[in-house]
1. Among the lysines, which fall within straight-line cross-link reach of residue 12, defined as a Cα-Cα distance under 21 Å, with same-chain neighbours fewer than 8 residues apart omitted?
2. What is the dipole size for the chain, taken about its Cα centre, with +1 at each Lys and Arg Cβ and -1 at each Asp and Glu Cβ, in debye to the nearest 20?
3. Going highest first, how would you order 36-45, 92-101 by mean Cβ packing within 10 Å?
4. Test of understanding: extend the Cα→C-beta vector of residue 87 to 7 Å, then name every residue of segment 33-65 with backbone N under 11 Å from that spot.
Amino acid sequence: MTIVVTAAFSPKEGAFDQVVAALSPAISEVHQEPGCLLYAIHEAPNNQILMIEKWESAELLDAHGKGEPVKRLNAALDGLLETPVVVTRMTPIPAGNPRQGIL
């Protein structure tokens, strides 16, 4: 069963571009990890950066969380965030068209 994750980053005042710069190298690295189906950042209207992820399994997501790209990302974000990252794991509830009914 796939796992969808959101991670909300709240940059400190004036640090938005620095947070994007810290996140960007990690994205390329994580795209190469086993089980990564989606790993993308989006600008939210409240000055947050929302990362949306999709993984083949919880086990591969757990391995990602312990990996070097995440360690480097956490170090790069040190001092740039107003609050800790809010991470939410979700499992799909298929409905409607199979192609459009799940992320």
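Readers should treat all values here as calculations from the given coordinates under stated rules, not as data from a laboratory. Remember, predicted model here, so these are calculated numbers, not experimental data. Every residue, glycine as well, gets a Cβ built from its backbone with ideal geometry; the counts of neighbours run over all protein chains shown.
1. Filter leaves 71.
2. 220 debye
3. 36-45, 92-101
4. 61-65
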